[in-house]
Amino acid sequence: MIFNTLTIAGVDPSGGAGILADVKTMSALGTYACAVVAALTAQNTRAVTGVQPVTPDFVRQQIDTLFEDVHIDSVKIGMLGHEPVTRMVAERLAYWMPDHIVIDPVMVAKSGDVLLDKTAISTLREALIPLATVITPNLPEAGVLLGEQEADSLKQMYRVAERLRKLMDHHRTVWVLLKGGHLPGNDTVDLLTDGDRMIELPGKRIDTPNTHGTGCTLSAALCALIPGTGDVPQAARLAKAYIETAIARSGELNVGHGHGPVHHFHALWS
């Protein structure tokens with residue numbers, strides 16, 4: 001069975017992050033990828049030079065028109081950019097209620113450029129995150145969501161993951177995937193919790209500058225893998241293995257002069 005997946009996010013013209021990266025990932029992992037454009041950026045591997053929001057009404061029209069015709073098995077939400085768009089996406093997904101929603105709370109690009117208005121953070125936290133099956137914040141994003149300093153140790157990550165889970169629905173089995181890539185050292189341990197279980201997903205840092213869009217790619221991989229596996233921990237392990245290989249083989253590409261993209265089609269291109 002081929003599942004239909006949807007990304008709601010911004011456009012990165014360089015193709016390393018955002019909707020283009022999501023569609024590549026979902027396609028590489030065997031799903032039919034759809035996309036709703038929530039924001040436009042002028043962006044390359046070194047910088048974001050401009051952000052142009054899409055009007056909330058047109059975001060609504062895109063979502064409603066798609067869902068009226070296509071059965072969507074899983075949705076990934078990435079860069080939304082502005083509060084009115086964030087609120088509209090939350091409203092329409094609450095109406096359509098897809099089976100699985102993966103939220104990557106995109107706030108800052110790899111270049112350091114801000115991608116989410118501060119005014120949108122409370123709406124993300126209060127209206128959108130409670131709809132999620134999985135949220136995938138990194139440590140800086142987790143700190144912003146909780147209004148506290150960024151965790152700097154695995155021990156602190158345990159506490160942060162538990163607090164993030166409390167932002168989510170208390171009546172369903174839903175998950176936090178807290179990414180530990182910002183911790184010092186060569187180990188990259190991620191934590192996965194549903195509030196009862198705390199699962200460590202170990203990894204090793206890969207020596208490469210090509211990390212543009214890693215968060216987008218991981219969350220899109222989760223979105224693609226959850227419908228087929230029916231099991232979030234299994235999907236998370238498979239998604240992490242996919243992104244690690246995509247990073248390790250990123251040197252086969254030659255895109256830009258900054259933080260290059262990962263190799264989304266590493267298993268398909270010779």
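The values are calculated or read from the model by the stated rules, or taken from the named source; none is laboratory data. All of these numbers come straight from a predicted model, not from anything done at the bench. Don't worry about glycine lacking a Cβ; one is built from the backbone with ideal geometry, like all the others, and counts go over all protein chains shown. For accessibility, only protein heavy atoms count, side chains too; no ligands or nucleic acids. Shrake-Rupley method; radii C 1.70, N 1.55, O 1.52, S 1.80 Å.
Per-structure values
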quantity: Sole exception among (1) under 26 Å from Leu164 (Cβ atoms); (2) assigned to a loop (DSSP other than H, G, I, E, B); (3) at pLDDT 95 or above; (4) open to solvent by 50 Å² or more (accessible area, probe 1.4 Å) for Lys110, by number; calculated: (3)
quantity: Residue check, Ala267 small (Gly, Ala, Ser) and either crowded, with 18+ Cβ neighbours inside 10 Å or free of Cβ contacts under 8 Å to residues at least 40 places away in the same chain (or both); calculated: no
quantity: Only one of Val51, Val102, Val59, Val36 that is buried (at least 20 other Cβ atoms within 10 Å of the Cβ), over 18 Å from the mean Cα position of the chain (by Cα) and part of a strand (DSSP E or B); calculated: Val51
quantity: Residues that are of a type in the set (Asp, Glu) and touching a Ser or Thr at 6+ places or on another chain (Cβ under 9 Å), drawn from the range 65-93; calculated: Asp73, Glu83
quantity: Residues of the range 217-252 satisfying the condition of being of a type in the set (S, T, N, Q) and more than 23 Å from Asp187 (Cβ to Cβ); calculated: Thr229
quantity: Residue selected from the range 174-198 under the condition open to solvent by 30 Å² or more (accessible area, probe 1.4 Å) and not in a loop (DSSP other than H, G, I, E, B), by the criterion modelled with the lowest pLDDT; calculated: Asp187
quantity: Those residues of the range 253-264 which are open to solvent by 20 Å² or more (accessible area, probe 1.4 Å) and within 19 Å of the chain's Cα centre (by Cα), in sequence order; calculated: His259
quantity: Positions within the range 221-257 being of a type in the set (A, V, I, L, M), part of a helix (DSSP H, G or I) and farther than 23 Å from Asn4 by Cβ, in sequence order; calculated: Ala241, Ile247, Ala248
quantity: In the range 151-170, the residues that are within 19 Å of the chain's Cα centre (by Cα), surrounded by 15 or more Cβ atoms within 10 Å (Cβ to Cβ) and assigned to a loop (DSSP other than H, G, I, E, B); calculated: Leu167, Met168
quantity: Some residue of the range 108-117 being closer than 29 Å to Asn210 by Cβ, among the acidic types (Asp, Glu) and in contact with a strand residue (DSSP E or B) (Cβ under 6 Å, 6 or more places away or on another chain); calculated: yes
quantity: Members of the range 42-76 found to be in contact (Cβ under 8 Å) with a residue 60 or more places away in the chain and within 28 Å of Asn254 (Cα to Cα), listed by number; calculated: Gln43, Asn44, Thr45, Arg46, Ala47, Val48, Val51, Lys76
quantity: Of all residues in the range 1-33 being of a type in the set (Gly, Ala, Ser) and assigned to a helix (DSSP H, G or I), the one that is surrounded by the most Cβ atoms within 10 Å (Cβ to Cβ); calculated: Gly18
quantity: Test for Leu80: is it assigned to a loop (DSSP other than H, G, I, E, B) and open to solvent by less than 20 Å² (accessible area, probe 1.4 Å); calculated: yes
quantity: One residue from Ile63, Ile19, Ile72 being out of contact with any Asp or Glu (no Cβ under 9 Å at 6 or more places or on another chain) and modelled with pLDDT of 95 or more; calculated: Ile63
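Yes/no matrix, rows are residues, columns are (1) out of contact with any strand residue (DSSP E or B) (no Cβ under 6 Å at 6 or more places or on another chain); (2) exposed (fewer than 15 other Cβ atoms within 10 Å of the Cβ); (3) in contact (Cβ under 8 Å) with a residue 60 or more places away in the chain:
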residue: Asp207; (1), (2), (3): yes, yes, no
residue: Asn210; (1), (2), (3): yes, no, no
residue: Ser219; (1), (2), (3): no, no, yes
residue: Ile226; (1), (2), (3): no, no, yes
residue: Gly230; (1), (2), (3): yes, yes, no
residue: Gln234; (1), (2), (3): yes, yes, no
residue: Ala241; (1), (2), (3): yes, yes, no
residue: Gly251; (1), (2), (3): yes, yes, no
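Every residue, every condition in (1) more than 30 Å from Ile206 (Cα to Cα); (2) open to solvent by 10 Å² or more (accessible area, probe 1.4 Å); (3) among the hydrophobic types (A, V, I, L, M, F, W, C), yes or no:
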residue	(1), (2), (3)
Leu93	yes, no, yes
Val106	no, yes, yes
Asp117	yes, yes, no
Arg125	yes, yes, no
Arg172	yes, yes, no
